[in-house]
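Take a look at the structure set out below.
The values are calculated or read from the model by the stated rules, or taken from the named source; none is laboratory data. Quantities reported herein were computed from a predicted structural model and do not represent experimental measurements. Heads up, the Cβs are rebuilt from the backbone with ideal geometry, glycines too, and the neighbour counts pull from every protein chain shown.
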Amino acid sequence: MSASVIFTTGYSDLGKYQADDVTTRYINRWHIEKAAPSLKESPVKNPLIFYVEHTTPIRYRRWVREGVMMWNKAFENIGLLNAIEVRYQDAATQAHMEKNPEDVRYNFIRWLNNNVGTAIGPSRANPMTGQILDADIILTDGWIRHFWRKFNEELPKLAMEGFSPETHAWLKNNPQWDPRVRLAHPSNRAMVANEIAHGHDLAFGGHPLAHSDPTMIGDDEFDGLVGRTSQVNGFCQAADFRSLDMAVMRFAFDLMQMRDDTAEEEGEGNDETPKKEQEKEDLLDGIPDWFVGPLIADLVAHEVGHTLGLRHNFKASSIYTLEEINSEEIKGNKPFAGSVMDYLPVNMHLEGFGEEQGDYGMIEVGPYDMWAIEYGYSTVKKESDLKPVLARVNEPQLAYATDEDTYGPDPFARRYDFAKDPINYARSQMKLAKDHRVSILDKFVKDGQSWAKARYGYGLTLSLQTRSLSMMGNWLGGAFINRSKKGDPNAGPPITVVGAGKQREALRFVIKNSFDDKAFGLTPELLRHMSTDKWMDDFRSAIQDSTWPIHDRIMGIQASSLTMLMNPTTMGRVYDNEFLTPEDEDMITLPEILAEIRDSIWSELEDFEDGKFTARRPMISSLRRNLQREHLERLIDLSMGDSYSSASYKPISNLVTSQLRKLKNKIDGTLKDSDLNPDPYSAAHLSEASVRIEKALDADYIYNTSDIGGGGGAIRFIMEEEGKRLK
Ligand SMILES: [Zn+2]
């Protein structure tokens, strides 16, 4: 067993730290020593001091302090008392005003007031010893209120979460299936596609990791990670996506407020609970103090964790079930995740909606954090003294996975997911989205407010939906990974394939919540109110159409789901998992997945009411016709294969070709059904689909028989000649 179990790979010589004890540990760390070394517990002689910049609003300062001080518990655990101290810089009293936050001698928590929603915790370490010399945390407060500005930027990011370098490279050749393109404003698509195409000149398909800057604090998510023991630099996104949760909570508070007002009007206001009284009194930026305060503390604790030498731990969210998290046993008593170093969503169970509500954020550092500090900062004489600490590596509460695991097969190595069963969590998020949708017109938009708020409210629910769908990405074809070495206590194999049942559950969740019209909750009434405000001083609003582009947006989400299910990495993993699983054990297979997707997308061919279809009341809805067309295009492309594609594409190509034949038979059979009188839309759509399949099968045949060196030139020529499909 080795320290890298905890702190991952990198250049271990950077982790050397020499002070009174000369042990080598795989971490950058501060020089913190007991004032009285002989004592089991002693105050430290050189505490780590953080100054809270005077720009921090007074109402938030105590919460910033609380986030820093959370870590003292982890140091107390190893006998280092009061290891961290906080001092307030204050303009009114001039306290510490002579200290410049840029001065390397002082560690500052800086507070910037702007519309950026980020928080970072960079530090400077001696490269020879790994001793951390200076750290500054920079918080911006935009995440508390700015989600609307970033909505259009975040949606594609949510949909791309967890995609592998291979998938990034594949999307280069298939920009029409790239969520970043499909979810962009139509007028921006060519530009986005161009940018992506340029990015693919870089290694690994232009995956963000491949063009990260290892030396600087950059703007990209993996900057400053390469070659580092600790997360000393880099762009931390812990605050970034919290803005979505924050916006949803504002929505929820609006609804709760509405309900309370109604109750008061009806004369039921006298028995209000003390908590509701408090809600009205202590609003911070329009949000109750008891809600936003602990979230600031939780975020600060995360960033301070980076400055103590810790990296992200994206498995930490998975140690308890949703029921446990929202139970009396855990609420207020212990942290609901293994670490504050995860990107934890705000735990929204919403008691206002009849559910038990646990803590919204982490109330203290988690068991993994305690363990990591014990490893990094324990006073020991020799390295072997750390063995008992390392021996705990397989305790479930200490599960660990970091940035470079997020695009691998482990579904728990995931940012923004939650609880031991993330599929269950995704369901609860979908429920939240649906519950909120029905209240948009009545309750969310208030008298005197612009109807643009209806579009904003719907956008929030669509973001929740996209995030829930995206959480399922790595369950299909997934495998749980652990870093145990041979002989570690309680170590299982390093790779465990995700059970067939869980994979099916994830697949069905995606199908149900992205391919079914009902999943989007759109009604003519709602759509007629989803307008926009146009202000020339906010260009992004001015460029929006006043009517919401229904088909384009829904197709964008559906195309992203199809990309998530039918990309080469996911399909390759499914194919490999079949091999990894003993024959007598159940495992999901490529034919099963392809058939399930096809049957759900073309279900109208199986189950339709005879007759009486009109263009106004079509056999297949407009959204579903689009989806079917999209699916068909992907099947045709998959049936072609190409010489660069991965090994799993060869069987896929065969399977898909036979699927296309079956689909054509079914479509032709439906069209010949004498009882059926399809409407003009559905009739044209189905006949066209049949012709396209026929051409594709012919083209594929010619292509495959003449294909020697590979390359898609022949097929493209044929398709273009037919004028059917221009790349
Ligand atoms: Zn972070």
query = Could you count how many residues in the range 532-544 are under 28 Å from the mean Cα position of the chain (by Cα) and either surrounded by 11 or more Cβ atoms within 10 Å (Cβ to Cβ) or not in a helix (DSSP H, G or I) (or both)?
reply = 6
ask   = Among all residue pairs at least 6 apart or on different chains, which show Cβ distances below 8 Å where the first residue, located in the range 335-350, is among the aromatic types (Phe, Trp, Tyr) and the second is more than 11 Å from the ligand (Cβ to nearest atom) and not in a loop (DSSP other than H, G, I, E, B)?
value = Phe336/Glu324; Phe336/Ile325
message = I need the full set of residues from the range 443-494 which are part of a loop (DSSP other than H, G, I, E, B), farther than 30 Å from Val574 by Cα and polar (S, T, N, Q), in order please.
response = Gln449, Ser450
task = Please tell me if Arg553 is among the basic types (Lys, Arg) and under 30 Å from Pro411 (Cα atoms).
result = yes
query = Any idea which of (1) under 22 Å from the mean Cα position of the chain (by Cα); (2) in contact (Cβ under 8 Å) with a residue 40 or more places away in the chain is the one Gly358 doesn't satisfy?
reply = (2)
ask   = How many residues does the range 120-175 contain that are at pLDDT below 80 and within 23 Å of Ala479 (Cα to Cα)?
value = 0
message = Looking at Asp289, Asp240 in this structure, which one is acidic (Asp, Glu), at pLDDT 80 or above and under 26 Å from His436 (Cα atoms)?
response = Asp289
key: Total residues in the range 295-339, condition within 30 Å of His31 (Cβ to Cβ) and among the hydrophobic types (A, V, I, L, M, F, W, C)   = 11
message = Going by what's in this entry, would Thr402 be described as β-branched (Val, Ile, Thr) and closer than 20 Å to Leu469 by Cβ?
response = no
query = Among the helices (runs of 4 or more DSSP H) confined wholly to the range 332-442, which include 1 or more residues that are more than 30 Å from Met564 (Cβ to Cβ)?
reply = 367-377, 387-390
message = Of everything in the range 100-125, what is surrounded by 15 or more Cβ atoms within 10 Å (Cβ to Cβ), away from the ligand (no atom under 16 Å from the Cβ) and assigned to a loop (DSSP other than H, G, I, E, B)? Give them in sequence order.
response = Pro101, Tyr106
task = Would you please name the residue that is nearest to Cys236 (Cα to Cα), looking only at residues in the range 309-323 that are away from the ligand (no atom under 16 Å from the Cβ) and touching a residue at least 60 places away in the same chain (Cβ under 8 Å)?
result = Ser318
query = Within the bounds of the range 371-381, is there any residue that is closer than 30 Å to Ser164 by Cβ and away from the ligand (no atom under 16 Å from the Cβ)?
reply = yes
Residues located in the range 300-323, provided they are in a helix (DSSP H, G or I) and in contact with a Phe, Trp or Tyr (Cβ under 8 Å, 6 or more places away or on another chain) = Val300, Ala301, Val304, Gly305, Ala316, Ser317, Ser318, Leu322
ask   = Of the residues that make up the range 25-37, is at least one among the basic types (Lys, Arg) and without any contact (Cβ under 8 Å) to a residue 60 or more places away in the chain?
value = no
note = Here the residues within the range 335-344 that are at pLDDT 95 or above, more than 10 Å from the ligand (Cβ to nearest atom) and not small (Gly, Ala, Ser) are Pro335, Phe336
message = Kindly evaluate Glu606 against the criterion of being at pLDDT below 95 and within 26 Å of Thr657 (Cα to Cα).
response = yes
query = With (1) within 12 Å of the ligand (Cβ to nearest atom); (2) surrounded by fewer than 21 Cβ atoms within 10 Å (Cβ to Cβ); (3) not polar (S, T, N, Q) as the list, and His306 as the residue in question, which single condition is left unmet?
reply = (2)
remark   = Restricting attention to the range 34-73, the residues that are assigned to a strand (DSSP E or B), buried (at least 18 other Cβ atoms within 10 Å of the Cβ) and not β-branched (Val, Ile, Thr) number exactly 4
Lone qualifier among Asp679, Asp698, Asp668 - being under 19 Å from Asp599 (Cα atoms), surrounded by fewer than 18 Cβ atoms within 10 Å (Cβ to Cβ) and charged (D, E, K, R) = Asp668
